[in-house]
Each structure stands twice: as C-alpha cells, then as structure tokens.
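Let me begin by presenting the structure, written as structure tokens, before commenting on it.
The values are calculated or read from the model by the stated rules, or taken from the named source; none is laboratory data. Keep in mind the model is a prediction, meaning the values are calculated, not measured. Cβ atoms come from the backbone with ideal geometry, glycine included; neighbour counts cover every protein chain shown. Surface accessibility is based on the protein's heavy atoms, side chains included, excluding ligands, DNA and RNA. Shrake-Rupley method; radii C 1.70, N 1.55, O 1.52, S 1.80 Å.
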Amino acid sequence: MRVDILGPVRVLDGEGRPVALGGPRVRALLVLLAAEAGRIVTQEQLIDGLYGAEPPEAAANALQSQVSRLRRALGRHLVEFHPAGYRLAIDPQDVDAHRFERLAAEGREALRAGDPARASGALRQALGLWRGAALADAPLARAGATHLAELRLAATEDRTQAELELGAHRELVGELRALVAAHPLRERLRVQLMRALYGSGRQAEALDTYEEGRRLLDEELGVEPGAELAAAHLAVLRADPSLGPAPRSGAEPSRQGLRAPLTSFVGRAEDLGRVRRLLEEARLVTLIGPGGAGKSRLAAEAAAPAPLDVCFVELAPLTDGADVAQAVVDALDLRDTMLPSPDRPATNPAARLVTALADRTLLLILDNCEHLIGAVAALADRLLAACPHLRLMATSREALGITGEAIYPVQPLRLPPPGASDAPGYPAVRLFTDRAAAVLPGFTVEEGVLDHVIHICRALDGLPLAIELAAARLRAMPVKEVAARLDDRFRLLARGSRTALPRHQTLRAVVAWSWDLLDEDEQAMARRLTVFAGGATLEAAERVCGLPEELLTSLVEKSLVEVVGGRYRMLETIRAFCAERLSEAGEVETYRRAHAAHYGDLADAADPHLRQAEQLEWLAMLDKERDNLNAALRWAVDEGAAAEGLRLVGALSCYWWIRGRRAESAAMAAELLAVVGPEPEEGLEEEYAMCVLASAWAEQRQPADLGPLMYDGSRAFRREFLNVMLPMFQGPPTTTT
C-alpha cells in the first residue's frame, strides 16, 4: 500500500488502485498516522490533531470511531492498536512525504559536499513527488500542510542553488522571478535571482533586484537586508568571482567541435527530452544503439541548448586507445606552453585534462566509442572522479560499464502499424518525406505513394541512416522502384554523403563496422542466429546455434541483437548482412536443418497439450513461434526433406485448425505433397494423411464432422481417417493396417 499526501490525500493498494477513504476527519487521522508511519502516535496527539484546543467531551470515543472507519478502508492489520496509541503499519518510504524528506536531505548533503550535479538530481526527484498543494483535500490537517509547504520551498531553494553552481543562470531567471514575486521577503530566493541575473550578463537588473528587496524589508518589517543579501549586493558591485561566472555580455557558452546541423531533426522529440533530463540528473550518460540509429545527432541536439560549455570529440578516426586522451586535449585546444626538458618530461595527456578541467563546468561528448571502449571507460572514470563540475556524454554500440553510468538506448524511429490512418505522421515516414523532398522538390506522400514509403521504412527497420540513403535514391529512380529493390538493399543503398565518415557512406559499411568489432565466437553466433524468423528464446538460440548463451547476451550488449518480449531478434538489415556471412561460412544447410529439427521437436511436444487443460498456454507459445515453425516447414519443402516436413504438418494440424489458419497452411501442405509424391515413407502414413487433410482445407472439401475429430489425439481417429475418409479427398489413396 502507498499513501500520498503531497497533493490531495490518496491511498493506492498494491496494484496501484485508489482506496476510498471517507470524510475529512478520517483523512486527517490518516495524515497524522502517516506522518509517523511505522511509529506509535499517542491518543493525546491524535485528539489534538483532530479536534484542536476544544475536543468533544467523549474525545476518546470519537477517536475510536474514526479509527474504525479508517480500518474499514485500509484493513485492520494496517492500523494497529497499542496501549499508548495507534500505529500505521507501513514502511515510511511508502509515504511520499517521507520519500520527499529523504531525497531532499540527500540533496542538501550533496550540496554541502560540493557535488551540485548529484544534489540537483536528488532534489528534482524529491520535488517531482508533489502533485499540487499538500493535503489539499484535508483542511483539518492545516498545520501539517504548512510545514510541508515550507519544506518544499526550502528544497526548491536548494535545487536552485545546485543548478546555479552548475552554471544554469539563464534558465533559472524566469523561475526565480516567479518565486520572488510569490515570496518577496524571502532573502535567499532574492540572492539566487541576483546571481542568476548577474551570470546572465544582466548586472544592472541584479542591482535593481537588491534595491527592491531592501525597500520591501524596510516598509514591511522595518529591518535592513540580512548579511547574505547585503554580501550578494556587494559581490555584484565588485564582480566577485564567488557569484559564479562573470557577465559574458550576452555571449553564448562555447561550442567546440559541435557542428551546426545541415538538416532538420525529425522524430526524436521524446528522446531529446529524456536525454536532456538524464543530463540534469547524471554526470555520465551513454547513448547506445545499432549503427545508423542516430546516436551522434541526438547527442549533438541534446547538448545544443545546454547552459554550459560543450566540447564534441569524434573518436571514430582513432585506431589506438592510447590516443583517446590526446584527442580530447586537441578538441579542447589545450596548449602546453612549457617545453619538455630532462627536468620536466612531457605531461601525460590524461593528467593535463585533469588539471585543465578540475574547476571547469563543461559537457564533454565522446562520440563513437565502441572500438575503443576500454580506453574511453578508463578516461571517463578518471575525469569524472577528479573534475566535479564535468559532465560526460558518450555514444557507443555498447555501454562503458562504469559506476554512475546512465544508459539510454536509442531505438529506430517508430513505424506506423498496419492500416494506420495517421501513417504520414509517424517519425520514420516523416523522415523519409523530409529527406525525399530535399532531393526531389515537390515530393509528397500521396495516395499510391504512401504504401511504398511505409514498405521502405519498415524494410529498413526505421533506421534513420538507412532511410536517408533510400530517400537519396529518388534522384535516380521512383519510389516504387526503390521499394521493389530492397531485397538487395546493400547494393541499392551504396551512395551516401561524400563527407560522411566512411562507415556511414553505405548501408553495408554501417553494419560491417559493428561486425568487425566482434570476436570469432560472437560472429559465429550472429550469423547462425539468422536462421530464426521472428526471433528466438534464449534456450532455442543456444540449442540451434550450438554456442553458449553468454555469446547471445554479448550481442545484445553490443546492439547487434535486441530483446523484445523475452525474445532475441535482429533488425532486418543486420540479419541480412549476417545471413550473407552464414552463406560465406558454408553453414546454411547445417543450421537450417538444426533449426527445423528443433521446431519439429517443439511441435511434437506441443501437439498433445492442445487437447488438454493447458491448451491456452501452449497455443500462446505456438503463436509466438509461428514464424519459426513456418520457416522450418518452408525449408523442408525447399530442400525436399519430406520426412521432416510431414512430421511438422502432422504435429501442427490441430494448431492450424484451432487457430483457423487453414488457407495459410493448405498451400504449404500442398507444396509438401508435391515433394513427397504418391507414397509416404514407411512409418509416416498418419502424418501423410494429415498433410492430405490440410491441403484440402483450401477448397473447403472436408466433411462437416471433422471439426470435433481434430481435437481427438487418438491413433484410432487417424486410422479411421486413413481407411474411411481419405478416399473422399482428391489425392493419392492409401491404406494402413
């Protein structure tokens, strides 16, 4: 159970559903107990809180009546009676006010310890628990509401102080003006507004803010400004460095290595907001995802409005991890003015960075780290430990794997579901339309064109780079032709920007870069995994690929494989590339056969359960494996593996019948019959009969009474079918004893 009082009073049960409480006194009683959750509250305290200085004559009985009502709402076990009073038997952290106080205390402590980034994160989290005015619907708990409101304002001041120390002066001016207007005699807020104005280059306004405060204090209270406000006034007059950065005369924070965008930024508004919030809460944020997902562009867009200096370091050209620190030194344009000598050897680049960034407020972006992951992780850990005002954002196909890292997976752009009426508004389609209009003026997604655009975006998995490469092909061919040629996507999408990194100029190069970073075992797992259609479970991948599951989880960490609903799958573009590697390795036959064998065993195991109490569970499992089962049967047909095909059809017939997939299965069964010929192998007569039956479904030639018999798993039914019913269908007759 959870009790929330930072807003209208509410109680949520274990499943998050609201609990009806009753009238104002019951709510007030709950508030009094929740304020001391887990501890005994005396009857005297409760009576004072409920009835004030003039309690009724039978106050104890009145209290007992309210307790009874509260117990009916929450449950007797949660409102305990003790000789000294009553106790709300829940963890204090299940009360939002207690969580707020804990987080606010953590923020204050971090602020005192000189860690404004951690302080800001904790205080923002604390203030995020509020849903409006505390105890808004509990007027009898007015004293508690006043106390909580004061704590909220103090936490707001602490959070503002932390963000001023992080250099967010411009962003805070508007918020602080509103706070000062609401609390004009609160000197700490006025000092913070003066600092924000001064740091934004508005020194005169900062001085005006002081004069206004001095006048109000004199008129309202007849006192002079306190020591903190007077010191802030003097500091502004003297341009004291203790206020933070000096006025920059309207100049923006520096942007080193951050290129101005040449194209619009489409479809990432939600990601952009989340990454910016992460940068406020964590000092190290790593954007991970497959090649071509747009990690670098997202990082640059997230950093663009940051109220602090930004340096963007491109690591893709490096080949040696030992060069990472020097690349950062060069990007920051740090110059060592003293020549090395026997008495003074050349300074280590990492040490120079620590010295240069020790007191600097900076966002450092390390782009494309995956091929130097160990060296980047070591440098990031060292810099973050030694430079308290430094924030770091990395882009990589795998996480750095160090303490304090906040990981944000960058997914492909969202695709419209089948039949969506608002398909042109989906991010992937919008990106294609935008880039197509740039190379083909006047391009619009009209009727007849939209279906081809959706097909392109879906075939390319919504990967921004692949979509941009496809849109660029409209210079040479119509959109219909681009859509039709995506089966050979690596040859089609082979012309990108001449100034892009080599691995971003073609679709093949994008995937090859990730492939080359894998070791031999990881490459083996990646190429063998392509025999699966629609993803695989961990157990299926380990059995079919013949490799330990640790290799599959490693591919997930390196963004070659994604986990969706507990299943491991590849983006279609990555799968196509790895399938080529499977063919080059001469392993197609081996692992397609292993795949078919595994799913043949699975179908055999599932078949009897479809006619038992656990039917729904096994139907759901077969639904998830439908693509793999069809792929196994398709392999059997294509390779002439009659025995494996008949085994699959025999085991799946009941599933097809129950799910109403008769037309779909009939075509494959008919193709298999053509492979098998007029006579099945010995021992497969029953499976052959079921295959004949399935092939007949397409023309609705089965007798009406076959439906119930499909649920009969006995061999007697199959013998009856073979000896009596089979002659009713077109197809070779057969007999059995």
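Tell me which residues, restricted to region 281-311, are farther than 23 Å from residue 559 by Cα and not in a loop (DSSP other than H, G, I, E, B).
281, 303, 309, 310, 311
Please name all residue pairs, on different chains or six or more residues apart, with Cβ atoms under 7 Å, provided the first residue is in region 587-604 and is farther than 20 Å from residue 524 by Cα and the second residue is open to solvent by 40 Å² or more (accessible area, probe 1.4 Å) and not aromatic (Phe, Trp, Tyr).
600/644; 600/647
Which ones in region 379-388 are open to solvent by 40 Å² or more (accessible area, probe 1.4 Å), part of a helix (DSSP H, G or I) and in contact (Cβ under 8 Å) with a residue 24 or more places away in the chain? Explain how you work it out, then say what you get.
Here is the first cut: in region 379-388, the ones open to solvent by 40 Å² or more (accessible area, probe 1.4 Å) are 381-382, 385-386, 388.
Now drop any that are not part of a helix (DSSP H, G or I), which leaves 381-382, 385-386.
382, 386, listed by residue number.
Restricting attention to region 590-608, does a residue exist that is basic (Lys, Arg) and under 25 Å from residue 407 (Cα atoms)? Before you say what the answer is, go through the steps one by one.
Quick first cut of region 590-608, residues basic (Lys, Arg) only: 592-593.
Imposing the further condition that a residue be under 25 Å from residue 407 (Cα atoms) reduces the set to none.
Within region 590-608 (the criterion being basic (Lys, Arg) and under 25 Å from residue 407 (Cα atoms)), the answer is no, since none of the residues qualifies.
Hey, any hits in region 193-214 for a residue that's among the aliphatic types (A, V, I, L, M), modelled with pLDDT under 85 and surrounded by fewer than 15 Cβ atoms within 10 Å (Cβ to Cβ)? Spell out how you get there, then give the answer.
Step one: of region 193-214, the residues among the aliphatic types (A, V, I, L, M) are 193-194, 196-197, 204, 206-207.
Remaining after also requiring modelled with pLDDT under 85: 204.
Add one more test, that the residue is surrounded by fewer than 15 Cβ atoms within 10 Å (Cβ to Cβ), and what stays is 204.
Looking for residues that are among the aliphatic types (A, V, I, L, M), modelled with pLDDT under 85 and surrounded by fewer than 15 Cβ atoms within 10 Å (Cβ to Cβ), one finds at least one in region 193-214, hence yes.
Could you grab me the full set of residues in region 681-694 that are open to solvent by 20 Å² or more (accessible area, probe 1.4 Å) and over 13 Å from residue 648 (Cβ atoms)?
681, 682, 683, 685, 686
Answer yes if at least one residue in region 113-131 is open to solvent by 40 Å² or more (accessible area, probe 1.4 Å), farther than 24 Å from residue 279 by Cβ and among the basic types (Lys, Arg), and no otherwise.
Scanning region 113-131 turns up at least one residue that is open to solvent by 40 Å² or more (accessible area, probe 1.4 Å), farther than 24 Å from residue 279 by Cβ and among the basic types (Lys, Arg).
Pull up region 589-611, narrow it to residues that are open to solvent by 60 Å² or more (accessible area, probe 1.4 Å) and of a type outside the set (S, T, N, Q), then point me to the one that is nearest to the chain's Cα centre (by Cα). Show your work before the answer.
As a first pass, look at region 589-611 and keep what is open to solvent by 60 Å² or more (accessible area, probe 1.4 Å): 589-590, 592-593, 604, 611.
Then drop every residue that is not of a type outside the set (S, T, N, Q), which leaves 589, 592-593, 604, 611.
Details: 589: 37, 592: 33, 593: 36, 604: 38, 611: 40 Å.
By that ranking, first place goes to 592.
Are there any pairs, at least 6 apart or on different chains, whose C-beta atoms fall under 6 Å, with the first in region 503-518 and part of a helix (DSSP H, G or I) and the second open to solvent by 40 Å² or more (accessible area, probe 1.4 Å) and at pLDDT below 85, and if so, which?
Close Cβ pairs (under 6 Å, with a partner that is open to solvent by 40 Å² or more (accessible area, probe 1.4 Å) and at pLDDT below 85) amount to 503/513.
Looking at 405, 398, can you tell me which residue is in contact (Cβ under 8 Å) with a residue 40 or more places away in the chain, touching a Lys or Arg at 6+ places or on another chain (Cβ under 8 Å) and among the acidic types (Asp, Glu)? Give the steps one after another, and end with the answer.
Working: 405 fails: touching a Lys or Arg at 6+ places or on another chain (Cβ under 8 Å).
When all the criteria are applied, what remains is 398.
Filter region 356-378 for residues that are closer than 15 Å to residue 325 by Cα and in contact with a strand residue (DSSP E or B) (Cβ under 8 Å, 6 or more places away or on another chain) and give the result.
The answer is 357, 364, 365, 366, 367, 368, 369, 373, 376.
Which ones in region 252-278 are of a type in the set (D, E, K, R) and open to solvent by 90 Å² or more (accessible area, probe 1.4 Å)?
Selection gives 252, 259, 270, 274, 277.
From 673, 619, grab the single residue that is open to solvent by less than 10 Å² (accessible area, probe 1.4 Å), more than 30 Å from residue 517 (Cα to Cα) and either in contact (Cβ under 8 Å) with a residue 12 or more places away in the chain or not small (Gly, Ala, Ser) (or both). Let's see the steps before the verdict.
Working: 673 fails: open to solvent by less than 10 Å² (accessible area, probe 1.4 Å).
Just a single option satisfies the conditions, and that option is 619.
Taking residue 580, is it within 22 Å of residue 465 (Cα to Cα), out of contact with any strand residue (DSSP E or B) (no Cβ under 9 Å at 6 or more places or on another chain), in a helix (DSSP H, G or I) and among the charged types (D, E, K, R)?
Working: within 22 Å of residue 465 (Cα to Cα): yes; out of contact with any strand residue (DSSP E or B) (no Cβ under 9 Å at 6 or more places or on another chain): yes; in a helix (DSSP H, G or I): yes; among the charged types (D, E, K, R): yes.
Yes, satisfied.
Identify, please: which residue in region 238-264 is closer than 29 Å to residue 367 by Cα, of a type in the set (Ser, Thr, Tyr) and out of contact with any Lys or Arg (no Cβ under 8 Å at 6 or more places or on another chain) and is, among those, modelled with the lowest pLDDT?
Among them, the one singled out is 254.
Taking residue 403 as meeting all but one of (1) β-branched (Val, Ile, Thr); (2) under 30 Å from the mean Cα position of the chain (by Cα); (3) at pLDDT below 85, write down the number of the exception.
(3)
Determine, yes or no, whether residue 366 is in a helix (DSSP H, G or I), farther than 22 Å from residue 562 by Cα and open to solvent by less than 40 Å² (accessible area, probe 1.4 Å).
Details: in a helix (DSSP H, G or I): no; farther than 22 Å from residue 562 by Cα: yes; open to solvent by less than 40 Å² (accessible area, probe 1.4 Å): yes.
So residue 366 fails the test.
Please state which one of 176, 172, 197 is under 20 Å from residue 308 (Cβ atoms), free of Cβ contacts under 8 Å to residues at least 24 places away in the same chain and in contact with a Leu (Cβ under 9 Å, 6 or more places away or on another chain).
Details: 172 fails: free of Cβ contacts under 8 Å to residues at least 24 places away in the same chain; 197 fails: free of Cβ contacts under 8 Å to residues at least 24 places away in the same chain.
Unique residue meeting the criteria: 176.
So which of 170, 112, 159, 188 is in contact with an Asp or Glu (Cβ under 6 Å, 6 or more places away or on another chain) and under 30 Å from residue 233 (Cα atoms)?
Numbers: 170 fails: in contact with an Asp or Glu (Cβ under 6 Å, 6 or more places away or on another chain); 112 fails: in contact with an Asp or Glu (Cβ under 6 Å, 6 or more places away or on another chain); 159 fails: in contact with an Asp or Glu (Cβ under 6 Å, 6 or more places away or on another chain).
Selected residue: 188, the only one of 170, 112, 159, 188 that is in contact with an Asp or Glu (Cβ under 6 Å, 6 or more places away or on another chain) and under 30 Å from residue 233 (Cα atoms).
Select from region 389-425 the residues that are out of contact with any helix residue (DSSP H, G or I) (no Cβ under 8 Å at 6 or more places or on another chain), open to solvent by less than 60 Å² (accessible area, probe 1.4 Å) and not in a strand (DSSP E or B) and list them in ascending order.
Once the filter is applied, which keeps residues that are out of contact with any helix residue (DSSP H, G or I) (no Cβ under 8 Å at 6 or more places or on another chain), open to solvent by less than 60 Å² (accessible area, probe 1.4 Å) and not in a strand (DSSP E or B), region 389-425 yields 420, 425.
Which of the residues belonging to region 529-566 are within 22 Å of residue 286 (Cα to Cα) and either open to solvent by 30 Å² or more (accessible area, probe 1.4 Å) or touching a residue at least 40 places away in the same chain (Cβ under 8 Å) (or both)? Spell out the reasoning first.
Residues of region 529-566 within 22 Å of residue 286 (Cα to Cα): 552-564.
Selection gives 553, 556, 557, 558, 559, 560, 562, 563, 564.
Report, by residue number, each residue of region 435-448 that is in a helix (DSSP H, G or I) and either among the small types (Gly, Ala, Ser) or open to solvent by 70 Å² or more (accessible area, probe 1.4 Å) (or both). Reasoning before the result, please.
Residues of region 435-448 in a helix (DSSP H, G or I): 435-439.
Those that are in a helix (DSSP H, G or I) and either among the small types (Gly, Ala, Ser) or open to solvent by 70 Å² or more (accessible area, probe 1.4 Å) (or both): 436, 437, 438.
Criterion first (more than 15 Å from the chain's Cα centre (by Cα) and within 24 Å of residue 465 (Cβ to Cβ)) does residue 308 satisfy it?
In short, no.
Find the helices (runs of 4 or more DSSP H) located wholly in region 449-497 whose residues include 3 or more that are open to solvent by less than 50 Å² (accessible area, probe 1.4 Å) and farther than 17 Å from residue 580 by Cβ, and list them.
Working: elements: 450-459, 464-472, 479-484, 489-492.
So the answer is 450-459, 464-472, 479-484.
Collect the residues in region 52-92 that are in contact with a helix residue (DSSP H, G or I) (Cβ under 6 Å, 6 or more places away or on another chain) and open to solvent by 40 Å² or more (accessible area, probe 1.4 Å), keeping them in residue-number order.
55, 56, 69, 92
Is region 556-564 home to any residue that is of a type outside the set (D, E, K, R), in contact with a Gly (Cβ under 9 Å, 6 or more places away or on another chain) and in a helix (DSSP H, G or I)?
Checked against the condition, which is being of a type outside the set (D, E, K, R), in contact with a Gly (Cβ under 9 Å, 6 or more places away or on another chain) and in a helix (DSSP H, G or I), region 556-564 yields no hits at all.
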